[in-house]
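Single-structure report; data block below.
The values are calculated or read from the model by the stated rules, or taken from the named source; none is laboratory data. Here the structure is a predicted model, which means the values were calculated and not measured. Here the Cβ is made from the backbone with ideal geometry for all residues, glycine too, and neighbour counts use every protein chain on show. Surface accessibility is based on the protein's heavy atoms, side chains included, excluding ligands, DNA and RNA. Shrake-Rupley method; radii C 1.70, N 1.55, O 1.52, S 1.80 Å.
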Amino acid sequence: MIAILDYGVGNLMSIHNMFNKIGVDSVITSDVEEIRNADKYLLSGVGSFDHGINSLKSASFFKTLEKEVLDKKKPILGICLGMQLLTNSSEEGKEKGLGWIDAQTIRFDLDNKKLSIPHMGWSKVSIVNTNNIFRNLEENRFYFVHSYHVFCNDESNELATANYGKIFTCSINEDNIYGVQFHPEKSHKFGMKLLKNFEGI
Amino acid sequence: MVQKRVIPCLLLHKGGLYKTEKFGKPTYIGDPINAIKIFNDKEVDELIFLDIDASSQKKDPNYKLIEDIASECFMPLCYGGGIKSVDQMKKVYSLGVEKISLSSQAVLNPYLIKEAANLFGNQSVIVTVDIKKDFWGKRKVFINNGKKNTKIDPLEFVMIVEDLGAGEIVINSVDNDGVMNGFDVDLLKEIKTNTTVPITALGEAGNIEHIIEAFDVAKVNAVACGSMFVYQGRLKGVLISYPAFNEFKNQ
């Protein structure tokens, strides 16, 4: 059972819909017991960084989640803002991130007038470090919507990059902790494959 | 680089899918859920659903239909029609829709854009601007399904809604609706050079060349069309189609 963490931020139903479509058990929940018993976690989110991290840290399940992920090493996948929350900090806000992966969230270069911000649309993703989550996904395109992106302090945490005015990191990993900037739940068969891969980890 | 998006725009009317011509003459196309299944198979970039009854009949959005649509949509989904409050928006987002388009309300209550952008994030709030030429041939912003001239200048309005926090702006040319003559490239170009948010051209592409022109000349970020994806041939037989992904790959 994958627990889709409900902390009042973001569009969780579309992830639940895609898990249903590919036959993976999932539940949208903020229940401490349900979260303790889950095998894996999905941390999604949209909106601002500070609002996201404050909402997550003040959720009643937060201590439980921390324990299950950091001590028991249960896999967690952060999507979009959910991935950015895994990092140390964001230029979007003042609050500290979870710091579960040694990275920062930074803004796209606004001086480049040719680029519309947010970066909205489909991009091909290049896999830079082999990992099961991208298994059989060499051919791909994923849907992105974001104004900030992640920068890893340690290259070994980088799983994949994409190109928007420059090459940026779009997927990160440290042990049982995963993040993707794009939206697998909105990326047709490529997203289905990635979520299925996550279930199989 | 990011691929340009090509978006089928589907109109909901009496619970079914319809196509209009210059905002009138609704013609039945088919069942929305069937259409989505076809668009899923064709791996379309995104879908826009606009309910043309909700605003004019002062109704609430049809939540059940939106829920059914969202549960089958494995691509980005934008809904518009009958939205007047953040409470309604909250409900629509919770059903699995990630973008909501405001149109008449963006003119009547621009503060809603700001309020929604703060609550749900800019990328979730789309403003669709209906533009029509007035008696003197000047382009103006129209509301109420193209019936009411607000006398507002389109470029001025676009810059205001961008400032209020719209994450994407859809430029809909009412004069071109359903006539498949291509886009108002001059206007799109002017808007594009004066904004930084993504601009989508909605109107009527009759063929791939029209789409390429909007991308290459007007530099828009996305193109949305109705007729081209639901009609086939000169006699406009109903056939849902979508250009193969390859045709846009190098644009």
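Inside the range B:101-118, residues that are within 11 Å of another protein chain (Cβ to nearest Cβ) and at pLDDT 95 or above make up a count of 0.
Of the residues making up the range B:57-72, those that are at the interface with another protein chain (Cβ under 9 Å from one of its Cβ atoms) and of a type outside the set (S, T, N, Q) are B:Glu67, B:Ala70, B:Glu72.
Figure legend. Inter-residue proximity from the range A:168-189: first residues within 12 Å of chain B (Cβ to nearest Cβ), second residues of a type in the set (Phe, Trp, Tyr) and in a helix (DSSP H, G or I), beta-carbon distance below 9 Å, spacing 6+ or different chains. Indicated pairs: A:Pro184/A:Phe190; A:Pro184/A:Phe198; A:Glu185/A:Phe19. Residues satisfying the criterion are absent from the range B:73-92 (criterion: open to solvent by less than 40 Å² (accessible area, probe 1.4 Å), in contact (Cβ under 8 Å) with a residue 24 or more places away in the chain, within 14 Å of chain A (Cβ to nearest Cβ) and of a type in the set (Lys, Arg)). If you go through the range A:42-85 and keep only what is part of a helix (DSSP H, G or I), within 21 Å of A:Ile201 (Cβ to Cβ) and open to solvent by 40 Å² or more (accessible area, probe 1.4 Å), you end up with A:Glu66, A:Lys67, A:Leu70, A:Asp71. Each residue in the range B:142-164 was checked for being modelled with pLDDT of 95 or more and either within 19 Å of the chain's Cα centre (by Cα) or of a type in the set (A, V, I, L, M, F, W, C) (or both), and 10 pass.
Given the criteria of a type outside the set (Phe, Trp, Tyr) and in a helix (DSSP H, G or I), does A:Ile28 qualify? So A:Ile28 does not fit the description; no.
Annotation note: Cβ proximity below 6 Å between a residue of the range A:154-165 that is within 14 Å of chain B (Cβ to nearest Cβ) and a residue that is open to solvent by less than 10 Å² (accessible area, probe 1.4 Å) and not in a strand (DSSP E or B) (sequence gap 6+ or interchain) occurs for A:Ala162/A:Val125.
Within the range B:29-46, residues that are touching a residue at least 12 places away in the same chain (Cβ under 8 Å) and outside any loop (DSSP other than H, G, I, E, B) reach partners that are open to solvent by less than 30 Å² (accessible area, probe 1.4 Å) and aromatic (Phe, Trp, Tyr) with beta carbons closer than 8 Å, at six or more positions or on different chains, in the pairs B:Pro32/B:Phe49; B:Asn40/B:Phe74. Name, by its number, the condition in (1) in contact with an Asp or Glu (Cβ under 8 Å, 6 or more places away or on another chain); (2) at the interface with another protein chain (Cβ under 9 Å from one of its Cβ atoms) that does not hold for A:Pro118. In the conditions (1) in contact with an Asp or Glu (Cβ under 8 Å, 6 or more places away or on another chain); (2) at the interface with another protein chain (Cβ under 9 Å from one of its Cβ atoms), A:Pro118 misses (1) alone. Filter the range A:54-79 for residues that are over 17 Å from A:Ile2 (Cβ atoms) and out of contact with any helix residue (DSSP H, G or I) (no Cβ under 9 Å at 6 or more places or on another chain); which is farthest from the other protein chains (Cβ to nearest Cβ)? Only one residue tops the list, namely A:Asp71.
Considering A:Leu98, A:Leu137, the condition of being within 26 Å of A:Ala59 (Cα to Cα), at pLDDT 95 or above and away from chain B (no Cβ under 14 Å) is satisfied by A:Leu98 alone.
Among the residues of this structure, B:Ser104 counts as one that is in contact with a strand residue (DSSP E or B) (Cβ under 8 Å, 6 or more places away or on another chain), open to solvent by 10 Å² or more (accessible area, probe 1.4 Å) and closer than 21 Å to B:Asp60 by Cα. Only one entry of B:Lys42, B:Lys4 meets the criterion of being under 19 Å from B:Ile211 (Cα atoms), touching a helix residue (DSSP H, G or I) at 6+ places or on another chain (Cβ under 8 Å), of a type in the set (Lys, Arg) and open to solvent by 10 Å² or more (accessible area, probe 1.4 Å), and that entry is B:Lys4.
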